[in-house]
Amino acid sequence: MTAYKDLSRAELLEKKSILESEFAKIKAKDLKLDMSRGKPSKAQLDISMGMMDVLDSGSDLTCEEGVDCRNYGVIDGIKEAKQLFADMMEVPKENIIVFGNSSLNVMHDTVARAMTHGIMGNAPWAKLDKVKFLCPVPGYDRHFAITEHFGIEMVNIPMTEEGPNMDQVEELVQADPAVKGIWCVPQYSNPQGITYSDGTVHRFAHLKPAAEDFRIFWDNAYGIHHLYEDKQDKLLEILAECEKAGHPDMVYQFASTSKISFPGAGIASIAASTRNLEEIRKMMSVQTIGHDKLNQLRHVRFFGNLKGMEEHMKKHADIMRPKFEAVLHVLEEELGGLGIGSWIAPKGGYFISFDAMEGCAKAIVAKAKEAGLIMTKAGATFPYGKDPLDSNIRIAPSFPTPEELEIAANVFVLSVKLASIEKLLGDVRG
């Protein structure tokens, strides 16, 4: 294929006319398609329905500690649920607290505690003149929403093939005491699908922060969310690396079963050092008498152990893999060689990150919407919703049916082509 930038103005206008005719036909179909968020599909929810049957009115509802899970108690999670998360997160169960259904809620509350009460005797962040968070970009919009909500200044850190640009991370963390944290999705990152290299994890563990209360917010949301059995990324475990480096308190690691069991009724956890967990438990004791132990028990009885969870994830992969491959096939077939977009083929996670020509992302998303396809808002993968290049678009293939997905992918590439031609025609006068 000839790259669009190498076409004459007349050739671009001719292509534009043909594409506009195709676009008009699609608009006439009154489509209602959605690739805006990484929601599991109905087929994925259905494979967890057996969880609804593992507990009934005749079940023994006593956990290993001898506590009746229908009653109060066990504020930080039942032992067997801790073990399940410990195996999934590759940490000792003593370093785990189990919460309710949302790891995002746990992250929000972790920031809130730091704002109101500080971390380990340090001043509450809300009383400081300035608090900064480093934000690898493109990144997860809901992370950025939390720090923006609390008035924390966010600093963009470009992503590389090995993770965040660690030269910049080290420079800022080690020089500026106002830098209190960094958001990370270290495996199959949202949205690029990048897994941090061993070297990147080592550099994180060996940070020497200017702020005593600096914390790495390590959101390992996709730790076992592989698409392939024979091609899987492996992430070095951060808690152990921080321990080896003499900085055991520097990281909070988060995980949940939101995209393993039921997104609205999973269980979540935090893994951290003994000192961090002691502080968290103390503040939790004011907030709750305990989370939903019946749901924790339900998860343990359904999965049994990590092996059971991994077998379950293969079923998810069998549903997700064809969807990812279908979108990637359309991108390659329709846009390969045109020079108007680039993308990464991830080995796991929930998203495909697409980088359009500079200045085109908003126009592409608007055109797709006009044709009946809802995408993630352009700019959402950057703090404050401001992509400085107006280039990145997050594609979420999970929710549509396979039939809808093929149509959606073709609507998307058509929108990319049209917006790119309009951009090129605007840049070439006469």
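The values are calculated or read from the model by the stated rules, or taken from the named source; none is laboratory data. Here the structure is a predicted model, which is why all the values come from computation and not from measurement. With ideal geometry, Cβ positions are generated from the backbone for all residues, glycine too; neighbour counts draw on all protein chains shown. Quick note on the areas: whole protein, heavy atoms, side chains included, nothing else; ligands and nucleic acids left out. Shrake-Rupley method; radii C 1.70, N 1.55, O 1.52, S 1.80 Å.
When region 135-146 is examined, which residues are found to be open to solvent by less than 40 Å² (accessible area, probe 1.4 Å) and within 13 Å of Asp219 (Cβ to Cβ)? Write out each step before concluding.
If we filter region 135-146 for residues that are open to solvent by less than 40 Å² (accessible area, probe 1.4 Å), which is where we start, we get 135-139, 141, 143-144, 146.
Selection gives Cys135, Pro136, Gly139, Asp141, His143, Phe144, Ile146.
Okay, residues lined up against (1) in contact (Cβ under 8 Å) with a residue 40 or more places away in the chain; (2) open to solvent by less than 50 Å² (accessible area, probe 1.4 Å); (3) more than 23 Å from Ala43 (Cα to Cα):
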| position | (1), (2), (3) |
| --- | --- |
| Arg215 | yes, yes, yes |
| His225 | yes, yes, no |
| Pro248 | no, yes, yes |
| Phe262 | yes, yes, no |
| Ala265 | yes, yes, no |
| Ala271 | yes, yes, yes |
| Met283 | yes, yes, yes |
| Asp292 | yes, no, yes |
| Val300 | yes, yes, no |
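Taking the stated definitions as given, is Lys132 open to solvent by 30 Å² or more (accessible area, probe 1.4 Å) and not aliphatic (A, V, I, L, M)?
yes
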Q: Consider Ala356 carefully, then state whether it is buried (at least 23 other Cβ atoms within 10 Å of the Cβ) and either within 30 Å of Gly77 (Cα to Cα) or among the aromatic types (Phe, Trp, Tyr) (or both).
A: no
Q. If Lys127 satisfies every condition in (1) in contact with a Gly (Cβ under 9 Å, 6 or more places away or on another chain); (2) over 26 Å from Ile267 (Cα atoms); (3) surrounded by 15 or more Cβ atoms within 10 Å (Cβ to Cβ) but one, which is the exception?
A. (3)
(Q) Residues that are crowded, with 22+ Cβ neighbours inside 10 Å and among the β-branched types (Val, Ile, Thr): does region 61-71 have at least one? (A) no
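Can you say whether Thr116 is open to solvent by 50 Å² or more (accessible area, probe 1.4 Å) and either within 18 Å of Ile238 (Cα to Cα) or polar (S, T, N, Q) (or both), as far as the supplied structure shows?
Working: open to solvent by 50 Å² or more (accessible area, probe 1.4 Å): yes; either within 18 Å of Ile238 (Cα to Cα) or polar (S, T, N, Q) (or both): yes.
So Thr116 fits the description; yes.
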Q. If you go through region 158-175 one residue at a time, do you hit one that is open to solvent by 20 Å² or more (accessible area, probe 1.4 Å), within 21 Å of Gly246 (Cα to Cα) and in a loop (DSSP other than H, G, I, E, B)?
A. no
Q: Kindly check whether there is at least one residue in region 25-38 that is more than 31 Å from the chain's Cα centre (by Cα), within 30 Å of Ile421 (Cβ to Cβ) and open to solvent by less than 60 Å² (accessible area, probe 1.4 Å).
A: yes
